[in-house]
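The values are calculated or read from the model by the stated rules, or taken from the named source; none is laboratory data. Note that the structure is predicted; figures quoted are calculated from it, not measured. Glycine gets a Cβ as well: all are built from the backbone with ideal geometry, and neighbour counts include every protein chain shown.
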Amino acid sequence: MERCLGLMAGAGILPGRAAAEARRQGWRVVAFAFADAPDLASAADRVVPSQVTDLQSVLGALGPEGVGAVAFVGSFAKRRFFAHAEQADDAGRDLSREGLADGSLGRMAVALLGSMGIEVMDQRRLLGPWLVASERLSTRAPSEAEWTEIHEGWRLAHDLANRGVGQTVVRARGVTVAVEAAEGTDEAIRRGVRLSGPGAVVVKAVADDHDFRFDIPTIGLATLETMEAGGASALAVARGRTLVVDHEAVARRADAAGIALVTLEDSA
């Protein structure tokens, strides 16, 4: 019997890649598109335009499609949930009744889908090949001063991630100039470099109990472009737990901009 995966697709290129990998693994992919996701239409067997205010229609389609597992892939901007919370249908209100924190939404989604006999898939089953394993992606290594900022930022970012605040901090000259909250990595970087000026260091950590069913910490060309525009000089991410979109292109962009791009173990 053919297995069917319901792909809850947010914005960006990752849903298309996940759909292609799922089909390679033998899944029939029905993608519920909540945002613009390039290449999704050609990678999935079927695409269903969807809205966060009409989750009941999404849930109602899972049974007739024969969906046995669901994967959440792509960017689901938290501001959309805040903006549409009052217009949500009964399913949306049930999903968010414990709040809009990632952990609360995740627990409710697992419980709701589990009651329907549907597994929520770890995204690494579809996106694992893009997790960065090397210690350094750039030609340039951080300077001694940048390493000092990286290690200070790493401790803070890791603690904040464990507290459910955010994953990214921006530091410059011994000062933490920005901390990520609900706005996302690139917006936190943009705010930080605007405050610090050139030479800022960006650190992105991952919580010890991070739930990879709902998110894989990710950087890509947009991250490097945001850093370059603001004059940031170094970026450190969690080794083996961070996805790098278009690894080779990101490394080339880092080198062209003179940005040191490194990874750290969680115990660093």
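Output the residues belonging to the range 18-29 that are crowded, with 21+ Cβ neighbours inside 10 Å and under 18 Å from Ser75 (Cα atoms).
Filtering the range 18-29 for residues crowded, with 21+ Cβ neighbours inside 10 Å gives 18-19, 22, 27, 29.
Ala18, Ala19, listed by residue number.
Residue count for the range 21-37 under the criterion of being farther than 10 Å from Cys4 by Cα and modelled with pLDDT of 95 or more: the result is 6.
Of everything in the range 1-60 that is hydroxyl-bearing (Ser, Thr, Tyr) and in a helix (DSSP H, G or I), the residue that is farthest from the chain's Cα centre (by Cα) is Ser57. Of all residues in the range 213-228, those being more than 22 Å from Ala145 (Cβ to Cβ), assigned to a helix (DSSP H, G or I) and touching a Lys or Arg at 6+ places or on another chain (Cβ under 9 Å) number 2.
Rundown of residues vs (1) assigned to a helix (DSSP H, G or I); (2) out of contact with any Ser or Thr (no Cβ under 6 Å at 6 or more places or on another chain); (3) at positive phi, yes/no style:
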position: Arg171; (1), (2), (3): no, yes, no
position: Val177; (1), (2), (3): no, no, no
position: Ala181; (1), (2), (3): no, yes, no
position: Leu195; (1), (2), (3): yes, yes, no
position: Pro198; (1), (2), (3): no, yes, no
position: Val203; (1), (2), (3): no, yes, no
position: Asp211; (1), (2), (3): no, yes, no
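Where residues in the range 96-121 are in a helix (DSSP H, G or I) and among the charged types (D, E, K, R), which of them is modelled with the highest pLDDT? The qualifying residue modelled with the highest pLDDT is Arg107. The number of residues in the range 200-232 being hydroxyl-bearing (Ser, Thr, Tyr) and surrounded by 24 or more Cβ atoms within 10 Å (Cβ to Cβ) comes to 1.
Here Thr185 meets the list (1) of a type in the set (S, T, N, Q); (2) modelled with pLDDT of 95 or more; (3) outside the structural domain of Phe72 (by TED's automatic domain parsing); (4) surrounded by 20 or more Cβ atoms within 10 Å (Cβ to Cβ) almost entirely, failing just condition (2). Taken over the range 19-57, the residue count meeting the criterion of being among the acidic types (Asp, Glu) and without any contact (Cβ under 8 Å) to a residue 12 or more places away in the chain is 0.
Does Arg190 qualify as being touching a residue at least 24 places away in the same chain (Cβ under 8 Å), touching an Asp or Glu at 6+ places or on another chain (Cβ under 6 Å) and in the same structural domain as Arg155 (by TED's automatic domain parsing)? Against the criterion (touching a residue at least 24 places away in the same chain (Cβ under 8 Å), touching an Asp or Glu at 6+ places or on another chain (Cβ under 6 Å) and in the same structural domain as Arg155 (by TED's automatic domain parsing)), Arg190 does not qualify. Between Val193, Val169, Val262, the distinction of being over 19 Å from Leu131 (Cβ atoms), crowded, with 16+ Cβ neighbours inside 10 Å, among the aliphatic types (A, V, I, L, M) and more than 18 Å from the chain's Cα centre (by Cα) belongs to Val193 only. You will find that of Ala200, Ala256, Ala260, Ala229, the residue that is more than 28 Å from Leu126 (Cα to Cα), without any contact (Cβ under 8 Å) to a residue 24 or more places away in the chain and not hydroxyl-bearing (Ser, Thr, Tyr) is Ala256 and no other. Note on the range 133-161: among residues that are part of a loop (DSSP other than H, G, I, E, B) and buried (at least 20 other Cβ atoms within 10 Å of the Cβ), the one that is farthest from the chain's Cα centre (by Cα) is Pro142. Is there a residue being in contact with a Pro (Cβ under 7 Å, 6 or more places away or on another chain) and basic (Lys, Arg) anywhere in the range 242-252? No, the range 242-252 contains no residue that is in contact with a Pro (Cβ under 7 Å, 6 or more places away or on another chain) and basic (Lys, Arg).
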